[in-house]
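Some notes on the structure that comes next.
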Amino acid sequence: MGRKASLGGYAGQHLYVDMTKEQCKAVPIDRQFAITYLGGQGFASRILYDKVGPQTDPLSPENVLIWATGPFTGTLWPQASRYVVAAKSPLTGIFGEAHAAGHWGPELKFAGFDTIIITGRAKRPLYLFVDNGTAKLLDAKDLWGHNTNETEEMIKESHYDPSLRVSCIGQAGENLVRFAAIINDYDRAAARSGIGAVAGSKHLKAVAVRGSQDISVAKPDRYLEVIEELHKKMLDSPFTASRAQYGTTNLVELMQEIGRLPSYNMRSGVFAEYQKISGEAIKNHYLVKPRADYACLQRCGRYTLVRTGPYAYCGGSPEYESQSALGSRCGNDNLESILYGHHLSNLYGLDTISTGSTISWAMEAWEEGLITAEDTGGIDLEWGNHESIIKLIHMIAHRKGFGDILAEGSYRAAQRIGRGTEKFVMHCKKQEIAGQEPRAQKSMGLATATAARGADHLYAFPVLDEVGFDEEIGIRYGQEYLPEMGDRLNPKFKGIMVKENEDFCAVVESLGVCKYGTLIPPVLFYEDIVTTFEVTVGLHLTEVQFRQIGERIVNLNRGFNVREGIRRKDDSLPRRLTHIPAPEGPSKGQVVELDQMLDEYYEQRGWQLETGLPKIQTLHRLGLDDVIEDLRKQKIKLPQ
Amino acid sequence: MRRFLYADPTVCVGCRICEAICSFHWEKTLNPKKARNRVRRVDPGLDVVVACRNCDQAWCVEACPEEALRRNRQGIIIVDAKKCRGCGACVEACPFGAIFLHPETQKAIKCVACGFCTKYCPVNTLRILTEEELAVLKQQKVIQHECANLLDELRVEGETKERES
Ligand code: SF4
Ligand code: SF4
Ligand code: SF4
């Protein structure tokens, strides 16, 4: 099927899969396309822009679901394990994407493909089997209704091959829960944007991959020398040792220290019982072993064991986001229930952030007397009732009873219930805000508001102002922005920071590598990418070119969202965060000065201040003339 | 003295860097199926590096109908690619799954304990060992495990003495 690309790093082929006709087709990747959009997020963004528009219902056959790796996925760049899945999101109705690590992404490339592009809808449940350059759709009748781990086991068994890699949905995706995830390698989650529901709507249960093809290296004589240098830098960073010890679990302690650990549906940024759900507690009582994804030196993955009781399990450990979402956010200090709730979410294929955040919305409404036992079918929603949290996870995945309403996400659930519960929805563009209380770190507030997939901490991932990386801030953004940029409570220069980070993150996710090592710890940067790209792919792109690619992808995402009606008014945060001062803790009295930061951000972006629309000259400078033309056809008037 | 590649499965994190490095070392490309070792994960997270143990009475050597496998002076089993016909008898014979057929040439490939991959292991658990050295490592570990409390007590006592003096 198809011919190989001449570029190193890439497998060289897209795999198009038409679910309706049950057909697969390999298409060579155009060299120019590769240089313009790199891979991963960039590829997915371009394909989605071209194939999906305002007329497309996210859960209809017309939506397009894209798995995409980058040219560094499966190579020896530190943390080269990543892939992206993108589609129009059933949660937000705009650009949707989710990312995960593990071993699946590299294996897709060893199987001969960089991307998989799924269209249509099958009449019956199917799974895709990509086997060393070939692809076919197979019957998934027996898999349907099974959780993600069972699905993975069953596929491995039916092919007599425990080494093949599976990316799949659980019951939540099948039941079109609007925040369903796609899970690979048992517990790596491409969680956000409700991407799992899109797979479910297409009756696509899983994608299994294996292969024995090369990822070729353009300059083998220089390759190892470059890689050795990157590995050395990574291992020398003091953060690597801490990551290996705690993963992200001890962020609970760190966030508590600066008042950034959301509790009680983000009313507050501190949680009195934080020690009970901390990284230290996990390490002392439940941690079995750290575990790495492909070519990962950070090894933030780990697995945990709860020996006995109702929450007994052995499997992937929660990371910080799940601890805060199912823990402090819901006022829950029962650590075993958090571990188990996280595991359940992986089995069902649920985004823990949206799950915990939606439940905490209901808990606050309960406390206010706006939701009662009549709504919940008798389930008690007292803060911290862990039994109810676990019950609700089951009910959401199966869309049973009150779970059916929650499965719509907190925004739609509040619309449905009304009674003033809307003001407790902690969202941006209908997606639940991650575990980053922004009143304690202003850049996170701005990043949450501007991220293309709706509320998101990772689209820009501004973290250097979190705990005093001033030196690195000076190097990455410029000395002239210090000390303000390094002060997490000062809104000044955060527009610049978030803009630069969004561009850089787009490059990172397009190359197929992790934000650990690139964003935090801030070890690898553009110059490392330039060198590694040259020896891997065989092309010399300059730092300026990479920066421009990042900016292009962000503007393309904005173009997609603008076409869906997104404007400045949507780049917003709940009133609680912009108007109500943080009630306690180290950031007491703070609010997010969003408007001020947005002005600076749009300025940097070359977008119009009043509307948030990209200016024509901005899109033109980035080579996006076709987007200008397309938006004109859609009767959207872009500013000069 | 037989030498072989070994990683402690309680320490190895399963990053598979050693696979990628091995394939690059021998073939100048990145392809785990061309690696001479294999990292197998026993879910949810025990990682085992599988590599040839250069057995004393090697099943693979006995099984090979072409006499393509022989032991060199360092005690390492070597594949003679000219003789190997890719029948896979050695794969069937090896009880560890430590010998494989190359995905393109279809000739047998296996770890020759060259040690190249060991310096890239991020948790520094990959090494070339003899059985004797492995036994010592394990003894050490057992002692540490079994006598953890005793060692702690000794340490505390030592510290107290230091403080007192
Ligand atoms: S290939 Fe297997 S049977 Fe042969 S020497 Fe190595 S471990 Fe022993
Ligand atoms: S010791 Fe040599 S042959 Fe064996 S796995 Fe390592 S690099 Fe490959
Ligand atoms: S490089 Fe080390 S940690 Fe990684 S898989 Fe190999 S032995 Fe395990």
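The values are calculated or read from the model by the stated rules, or taken from the named source; none is laboratory data. The structure displayed is predicted, hence computed values, not measured ones. A quick note on method: Cβ atoms are made from the backbone with ideal geometry, for glycine too, and the neighbour counts reach across all protein chains shown.
Number of residues in region B:62-88 that are within 11 Å of ligand 1 (Cβ to nearest atom) and buried (at least 20 other Cβ atoms within 10 Å of the Cβ) equals 4.
Among the candidates A:17, A:84, the residue that is within 18 Å of residue A:204 (Cα to Cα), in contact with a His (Cβ under 6 Å, 6 or more places away or on another chain) and surrounded by 17 or more Cβ atoms within 10 Å (Cβ to Cβ) is uniquely A:84.
The criterion of at least 1 residues that are of a type in the set (Ser, Thr, Tyr) is met, among helices (runs of 4 or more DSSP H) falling completely within region A:393-505, by A:410-417, A:442-450, A:470-477.
Condition check for residue A:112 on (1) surrounded by fewer than 24 Cβ atoms within 10 Å (Cβ to Cβ); (2) over 24 Å from the mean Cα position of the chain (by Cα): one failure, at (1). The combined condition, being within 15 Å of ligand 2 (Cβ to nearest atom), at pLDDT 95 or above and either among the aliphatic types (A, V, I, L, M) or farther than 27 Å from residue B:15 by Cα (or both), is not fulfilled by residue B:61.
In region B:7-18, the residues that are within 9 Å of chain A (Cβ to nearest Cβ) reach residues that are among the aromatic types (Phe, Trp, Tyr) and within 14 Å of ligand 2 (Cβ to nearest atom) with C-beta atoms within less than 8 angstrom, at least six apart or across chains, in these pairs: B:17/B:120. Go through region B:27-45 residue by residue and tally those that are in contact (Cβ under 8 Å) with a residue 12 or more places away in the chain, away from ligand 3 (no atom under 11 Å from the Cβ) and within 12 Å of chain A (Cβ to nearest Cβ). Of the residues in region B:27-45, 4 are in contact (Cβ under 8 Å) with a residue 12 or more places away in the chain, away from ligand 3 (no atom under 11 Å from the Cβ) and within 12 Å of chain A (Cβ to nearest Cβ). Please determine whether any residue of region A:21-32 is assigned to a helix (DSSP H, G or I) and in the same structural domain as residue A:100 (by TED's automatic domain parsing). Yes, that holds for at least one residue.
Scanning region B:1-26 for residues that are assigned to a loop (DSSP other than H, G, I, E, B) and within 13 Å of ligand 3 (Cβ to nearest atom) gives B:8, B:9, B:10, B:11, B:12, B:13, B:14, B:15, B:16. Just need a number here: residues in region B:27-58 that are within 11 Å of ligand 2 (Cβ to nearest atom) and in a strand (DSSP E or B). So the count comes out to 4. Contact map, region A:329-344: first residue closer than 20 Å to residue A:364 by Cα, second residue basic (Lys, Arg), Cβ cut-off under 6 Å, separation 6 or more or different chains; pairs are A:333/A:276. From the list A:216, A:242, A:268, A:263, the lone residue that is within 14 Å of chain B (Cβ to nearest Cβ) and of a type in the set (Ser, Thr, Tyr) is A:216. If the condition is being within 16 Å of ligand 1 (Cβ to nearest atom) and modelled with pLDDT under 95, then region B:1-39 contributes B:1, B:2, B:3. Residues of region B:62-91 that are in contact (Cβ under 8 Å) with a residue 24 or more places away in the chain, more than 14 Å from residue B:107 (Cα to Cα) and not in a loop (DSSP other than H, G, I, E, B): B:62, B:63, B:77.
Among the residues of region A:313-334, those that are within 14 Å of another protein chain (Cβ to nearest Cβ) and in contact with a strand residue (DSSP E or B) (Cβ under 7 Å, 6 or more places away or on another chain) comprise A:313, A:314, A:315, A:316, A:317.
Can you report the number of residues in region B:122-136 which are assigned to a loop (DSSP other than H, G, I, E, B) and within 16 Å of ligand 1 (Cβ to nearest atom)?
Here the count works out to 0.
Within region A:513-551, being assigned to a loop (DSSP other than H, G, I, E, B) and crowded, with 23+ Cβ neighbours inside 10 Å holds for A:513, A:514, A:517, A:518, A:524.
Of everything in region B:103-121 that is in a strand (DSSP E or B) and touching a Cys at 6+ places or on another chain (Cβ under 9 Å), the residue that is surrounded by the most Cβ atoms within 10 Å (Cβ to Cβ) is B:108. Residues in region A:219-239 that are of a type in the set (Lys, Arg) and away from chain B (no Cβ under 11 Å): A:222, A:233. For region A:491-510, the count of residues that are closer than 30 Å to residue A:11 by Cα, touching a helix residue (DSSP H, G or I) at 6+ places or on another chain (Cβ under 7 Å) and among the aromatic types (Phe, Trp, Tyr) is nonzero. Exactly one residue out of B:96, B:100 is within 14 Å of another protein chain (Cβ to nearest Cβ), within 16 Å of ligand 2 (Cβ to nearest atom) and either in a helix (DSSP H, G or I) or within 22 Å of residue B:22 (Cα to Cα) (or both): that is B:100.
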